[in-house]
Amino acid sequence: MNKAFFLRLLVLALVAGAIALAALNRDKLNPEALDAWLSGFGLWAPVIYVGLYALGTVVFAPGSLFALAGGAMFGPVPGTFLNLLGATIGASIAFLIARYLAGDRVAQKAGGSVKRMITGVENEGWRFVAFVRLVPVFPFNFSNYAFGLTRIPFISYALASFISMAPGALAYTWLGYAGREALGGNGAAIRYGLLAIGLLAAIAYVPRVIKRMRRSGSGLDSLRQS
């Protein structure tokens with residue numbers, strides 16, 4: 001019992017230390033430095049990039065930095081897949097850390113945003129996860145840990161996250177790709193950037209659509225009754 005307790009404390013301390021280290025060095029994180037560092041790994045660069053993205057998600061590094069860098073380094077289609085894979089793996093690791101190290105005791109004492117997320121999952125299940133992923137009403141890195149305090153099955157959480165994060169991953173990846181192409185003198189890249197911005201704007205409009213659906217008696221509220 002004591003060994004398990006101290007092991008949990010050790011892992012939590014390591015995670016907290018990594019988060020603090022990432023916060024202190026946030027100004028050193030930029031797409032250019034990441035690109036220069038990964039260029040020396042050749043064919044292994046995509047694998048290492050996914051691992052870095054996952055680690056960055058766990059330690060609260062800015063997800064937009066990786067998403068834009070993925071588009072710039074690997075192109076729109078491979079970059080979208082790598083960004084989505086890295087974000088999902090990182091979100092899953094954070095989820096498991098919270099579930100097995102924090103446990104029900106933290107969930108029972110939770111308040112504020114965490115309590116609202118727990119209540120949302122209890123009422124809607126994977127649909128609430130999908131909504132939060134599609135529309136970032138809660139900070140992404142924070143929500144990964146908060147979802148681990150709920151009772152949603154891991155597979156449901158991971159699948160809902162992977163599918164629902166796809167539009168945002170696509171938009172940011174194309175934006176990163178368009179930025180690099182524009183700097184290289186490709187005039188057509190402006191069109192790519194505008195399409196990505198349009199997709200982000202459409203995602204931002206989703207909460208209004210959900211609100212109107214709720215007023216009409218459909219949407220998440222009607223799903224709750226079914």
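The values are calculated or read from the model by the stated rules, or taken from the named source; none is laboratory data. What you see is a predicted model; the values in this text were computed from it and never measured. Please note: Cβ atoms are built from the backbone with ideal geometry, for glycine as well, and neighbour counts cover all protein chains shown.
Descriptive notes on the structure:
- Matching residues in segment 115-155 - criterion: being outside any helix (DSSP H, G or I) and under 21 Å from Ile97 (Cβ atoms): Pro136, Phe138, Pro139, Leu149, Thr150, Arg151, Ile152, Pro153
- Just one residue in the set Val129, Val114 is modelled with pLDDT of 90 or more, touching a helix residue (DSSP H, G or I) at 6+ places or on another chain (Cβ under 6 Å) and farther than 30 Å from Glu181 by Cα; that residue is Val129.
- Some residue of segment 82-89 being assigned to a helix (DSSP H, G or I), of a type outside the set (A, V, I, L, M) and without any contact (Cβ under 8 Å) to a residue 12 or more places away in the chain: no
- Annotation note: of Ile97, Ile152, Ile93, the sole residue that is aliphatic (A, V, I, L, M) and either crowded, with 21+ Cβ neighbours inside 10 Å or farther than 14 Å from Ala54 by Cα (or both) is Ile152.
- Within segment 166-181, the set of residues being crowded, with 24+ Cβ neighbours inside 10 Å, more than 12 Å from the chain's Cα centre (by Cα) and of a type in the set (Gly, Ala, Ser) comprises Gly176, Ala178.
- Residue match in segment 132-149 (condition: surrounded by 18 or more Cβ atoms within 10 Å (Cβ to Cβ), of a type in the set (Lys, Arg), over 19 Å from Ala69 (Cα atoms) and at pLDDT 75 or above): yes
- Single condition Phe66 does not satisfy, out of (1) among the aromatic types (Phe, Trp, Tyr); (2) assigned to a helix (DSSP H, G or I); (3) over 22 Å from Arg180 (Cβ atoms): (3)
- Long-range neighbours under 6 Å by Cβ, at least six apart or interchain, first residue under 15 Å from Val129 (Cβ atoms) within segment 98-116, second among the aromatic types (Phe, Trp, Tyr) and at pLDDT 85 or above: Ala98/Tyr145
- Applying the criterion of being of a type outside the set (Lys, Arg) and over 22 Å from Asn144 (Cβ atoms) to the residues of segment 7-30, the residue that is nearest to the chain's Cα centre (by Cα) is Asn30.
- Qualifying positions in segment 22-44 - surrounded by fewer than 11 Cβ atoms within 10 Å (Cβ to Cβ) and at pLDDT below 75: Leu24, Asn25, Asp27, Lys28
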